[in-house]
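What follows is a single structure, written as structure tokens, with notes after it.
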Amino acid sequence: MIFLFISKLLLSNFRNYEKTTISFSSNINVLYGRNGSGKTNVLEAINILSRGKSQRITKDNELIMLDKDAFLIKGLLNSNGYESTVQCSYNQGKGKKLLYNGQSITNSKELFSQLPTVSFLPENLDLIKGGPEQRRLFLDDILVVISVQYKDYLNRYSKVLYQRNQLLKDIRKKGLTKDALDSWDNQLIYYGDRIIKYRYKLLYEIRPFLQKNYVKLADSEETVTFQYTNTLAEQGEDQYDKLLLKKREEDIARGYTSVGPHRDDLLLLINQQKARSFASQGQQRSIVLALKLAEVEYLAKILGRWPILLLDDVMSELDVQRRMGLVSLAKLTGQVFLTTTEKDHVPEELGSATYFFIDNGSIQRKD
Amino acid sequence: MYARSIAQLIEELGKLPGIGPKSAQRLAFHLLFQSKEEVKALIEAIVKAKEEVKYCSQCQNLTDINPCPICSDLNREKWLLCVVENPQDVAAMERIREYRGQYHVLHGVISPMDGVGPEDLKIRELLQRLSNQDIKEIIIATNPTVEGEATAMYLAKLIKPLGIKLTRIARGLPEGGDIDYVDQLTLVRALEGRREIDN
Ligand SMILES: Nc1ncnc2c1ncn2[C@@H]1O[C@H](COP(=O)(O)OP(=O)(O)O)[C@@H](O)[C@H]1O
Ligand SMILES: [Mg+2]
Ligand SMILES: [Zn+2]
């Protein structure tokens, strides 16, 4: 396994950082400071180096410091002692440019495999309580960064779905012939079928990690697992095409496609019961943490290096026991970045952490 | 603010596809500083094209003589027909100078969200042609988008019962591309679209 970490980060006219260079520890980096001081901005910059774009916003323009016309983020990476650089710049006139060791990169998956990251945000803690789209997104976000093929299937599937749903409405309103659905159903099945297979395979791979992490986090022996709720199988019909045909009238009436991977869900179970209704809030959070850490371990296995963990403001949401559990498990992975408003939310026992005080766009390392 | 006639010119140019307000301004001023003769030549070319260009009664391509030069070329195969989305696709096929059959231009693809259904395409004309002419093979060359595929499938359903041989162009690697340098997506699609080699 390659040990990867970001040793240096340079920010120029990025968000509220005019010009900053920071040296990081290869272990745990704690960024603390008041709300609005610029902690999340640092994690966002690292995320951009990893994925080629921000996960917070869609317009690169907003990332540029007010009244400036370009930003630059540059990271110095260390992988088993070998140094390399990643760089992302955005210029209002010329657009975005990604460089790895000075070479231009157009495919963001290449970046990710050099510098994988996993983000952890407070809203992730509601994964079990929230809607099914969040749980599908959990799976899709992992798959799209490791498989170009999956990303293509998913893109095409959503295009076909969009067209099909429009056609369903047209059939109802304008009385178009129902046969018109055939040429879309064909493709829906082709891509949908493959998406489901990819998701099953991913779940099969992360299942053992989930149980192991949960036991460590919760310090209890409940069995934690999940079930993929497949809307196709649920209908007691194993043939996709037959089911779509059976649902055709209902779909036309609703103007919406009722079965397929876009309606599937991930059901989390604790001792064979639904975690959503049976687990306490504390247990639910342990399950989510264990699931996120399973994602980290899975990516490490696939990519041959630990992803960099970006924990944004999650400490304040956890009780003391779970803070301890999370940090001690995170310590076993690669480099970690952790933001918090309260320095003492980070367990003292941690020992090896390096602290950075952030105040209004300036960073001070506290050694 | 611009004089009214300039503003109007900018507005008209801005209606063209791919022309934003900035480009429209640039074009407008470019035209204003051209000689009267040059501007007249442009206007005449536009009006002439608009008046003289019609759909070819056979292939539905845009032409100023009917039937178009391709349809009236006696050296081309009469039994082979390639169905494409638009006139640009005919031009692209002709540039490679390998294909010697006929064309049929659909002028679009099926796309419910753009309000385009089969009846908005030149499909009726295609079927009419198939009943009048002795076509033995049809190549469907719509683009490999989901709309292009849906259109290909729709056509296949109509044509199959007629007993005409039907093929679909493969979406694959760009010619001359060294596998190492081909964009990953192109490569996964090429893998996906692989077919059995029959000898
Ligand atoms: N484009 C920008 N230019 C200048 N300042 C910005 C820009 N975008 C965000 N900011 C500033 O960054 C701060 C928020 O930073 P953030 O990292 O989200 O804070 P926190 O420390 O709470 O995580 C705000 O003060 C905001 O005004
Ligand atoms: Mg924040
Ligand atoms: Zn013609």
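Examine the range B:98-106 for a residue that is away from ligand 2 (no atom under 16 Å from the Cβ), outside any strand (DSSP E or B) and under 15 Å from the mean Cα position of the chain (by Cα), and state whether such a residue exists.
Pass one, the range B:98-106, residues away from ligand 2 (no atom under 16 Å from the Cβ): B:98-106.
Applying the additional criterion that residues be outside any strand (DSSP E or B) yields B:98-101, B:106.
If we keep only those that are under 15 Å from the mean Cα position of the chain (by Cα) too, we end up with B:106.
Yes, the range B:98-106 contains a residue that is away from ligand 2 (no atom under 16 Å from the Cβ), outside any strand (DSSP E or B) and under 15 Å from the mean Cα position of the chain (by Cα).
For residue A:83, are the conditions met, namely being open to solvent by 40 Å² or more (accessible area, probe 1.4 Å) and part of a helix (DSSP H, G or I)? Can you show your working first?
Details: open to solvent by 40 Å² or more (accessible area, probe 1.4 Å): yes; part of a helix (DSSP H, G or I): no.
The answer is no for residue A:83.
Quick one: residue A:348 ticks every box in (1) surrounded by 15 or more Cβ atoms within 10 Å (Cβ to Cβ); (2) closer than 13 Å to residue A:28 by Cα except a single one, so which number is it?
Answer for residue A:348: the failing condition is (1).
Among the residues of the range A:26-38, write down those that are open to solvent by 10 Å² or more (accessible area, probe 1.4 Å) and within 6 Å of ligand 1 (Cβ to nearest atom). Lay out the reasoning, then the answer.
Step one: of the range A:26-38, the residues open to solvent by 10 Å² or more (accessible area, probe 1.4 Å) are A:26-27, A:32, A:34-36.
Within the range A:26-38, A:35, A:36 qualify.
Restricting attention to strands (runs of 3 or more DSSP E) lying wholly within the range A:268-367, give those where 2 or more residues are assigned by TED's automatic domain parsing to the domain that holds residue A:54 and under 21 Å from the mean Cα position of the chain (by Cα). Write out each step before concluding.
Working: elements: A:308-312, A:336-340, A:354-359, A:362-366.
In the range A:268-367, the matching strands (runs of 3 or more DSSP E) lie at A:308-312, A:336-340.
Can you confirm whether residue A:62 is in a helix (DSSP H, G or I), away from ligand 3 (no atom under 16 Å from the Cβ) and acidic (Asp, Glu)? Before you say what the answer is, go through the steps one by one.
On the way: in a helix (DSSP H, G or I): yes; away from ligand 3 (no atom under 16 Å from the Cβ): yes; acidic (Asp, Glu): yes.
For residue A:62, the condition - in a helix (DSSP H, G or I), away from ligand 3 (no atom under 16 Å from the Cβ) and acidic (Asp, Glu) - is met.
For the range A:127-160, what are the residues that are among the charged types (D, E, K, R) and more than 14 Å from chain B (Cβ to nearest Cβ)?
In the first step, residues of the range A:127-160 are kept if they are among the charged types (D, E, K, R); the result is A:129, A:133, A:135-136, A:140-141, A:151-152, A:156, A:159.
Across the range A:127-160, the qualifying residues are A:129, A:133, A:135, A:136, A:140, A:141.
Hey, does the range B:73-81 have a residue that's surrounded by 11 or more Cβ atoms within 10 Å (Cβ to Cβ), basic (Lys, Arg) and without any contact (Cβ under 8 Å) to a residue 12 or more places away in the chain? Give the steps one after another, and end with the answer.
Let us first name the residues in the range B:73-81 that are surrounded by 11 or more Cβ atoms within 10 Å (Cβ to Cβ), namely B:73, B:76-81.
Add one more test, that the residue is basic (Lys, Arg), and what stays is B:76, B:78.
Still in the list and also without any contact (Cβ under 8 Å) to a residue 12 or more places away in the chain: none.
No, every residue in the range B:73-81 fails to be surrounded by 11 or more Cβ atoms within 10 Å (Cβ to Cβ), basic (Lys, Arg) and without any contact (Cβ under 8 Å) to a residue 12 or more places away in the chain.
Quick check, is residue A:113 under 23 Å from the mean Cα position of the chain (by Cα), surrounded by fewer than 20 Cβ atoms within 10 Å (Cβ to Cβ), at the interface with another protein chain (Cβ under 9 Å from one of its Cβ atoms) and small (Gly, Ala, Ser)?
Values: under 23 Å from the mean Cα position of the chain (by Cα): yes; surrounded by fewer than 20 Cβ atoms within 10 Å (Cβ to Cβ): yes; at the interface with another protein chain (Cβ under 9 Å from one of its Cβ atoms): no; small (Gly, Ala, Ser): yes.
So residue A:113 fails the test.
Do we have residue A:178 as surrounded by fewer than 18 Cβ atoms within 10 Å (Cβ to Cβ), of a type outside the set (Asp, Glu) and more than 9 Å from chain B (Cβ to nearest Cβ) here?
Numbers: surrounded by fewer than 18 Cβ atoms within 10 Å (Cβ to Cβ): yes; of a type outside the set (Asp, Glu): yes; more than 9 Å from chain B (Cβ to nearest Cβ): yes.
Here the answer is yes, as residue A:178 does meet what is asked.
Of the residues A:78, A:29, A:47, A:35, which is away from ligand 3 (no atom under 16 Å from the Cβ) and in a helix (DSSP H, G or I)? Full working, then the answer.
Numbers: A:78 fails: in a helix (DSSP H, G or I); A:29 fails: in a helix (DSSP H, G or I); A:35 fails: in a helix (DSSP H, G or I).
Only one candidate passes the filter, namely A:47.
Looking for something out of contact with any strand residue (DSSP E or B) (no Cβ under 7 Å at 6 or more places or on another chain) and away from chain A (no Cβ under 13 Å) - is there at least one such residue anywhere in the range B:151-162?
Start the filter on the range B:151-162 by keeping residues that are out of contact with any strand residue (DSSP E or B) (no Cβ under 7 Å at 6 or more places or on another chain), which leaves B:151, B:153-154, B:157-158, B:161-162.
Still in the running and away from chain A (no Cβ under 13 Å): B:161-162.
The answer is yes; a qualifying residue exists.
If the Cβ limit is 6 Å and pairs must be 6+ apart or interchain, which residue in the range B:93-117 that is away from chain A (no Cβ under 14 Å) pairs with which residue that is open to solvent by 50 Å² or more (accessible area, probe 1.4 Å) and not in a strand (DSSP E or B)?
B:100/B:77; B:101/B:77
The values are calculated or read from the model by the stated rules, or taken from the named source; none is laboratory data. All of these numbers come straight from a predicted model, not from anything done at the bench. Cβ: placed from backbone, ideal geometry, glycine included. Neighbour counts: every protein chain shown. The accessibility values were calculated without ligands, DNA or RNA, using every heavy atom of the protein model including side chains. Shrake-Rupley method; radii C 1.70, N 1.55, O 1.52, S 1.80 Å.
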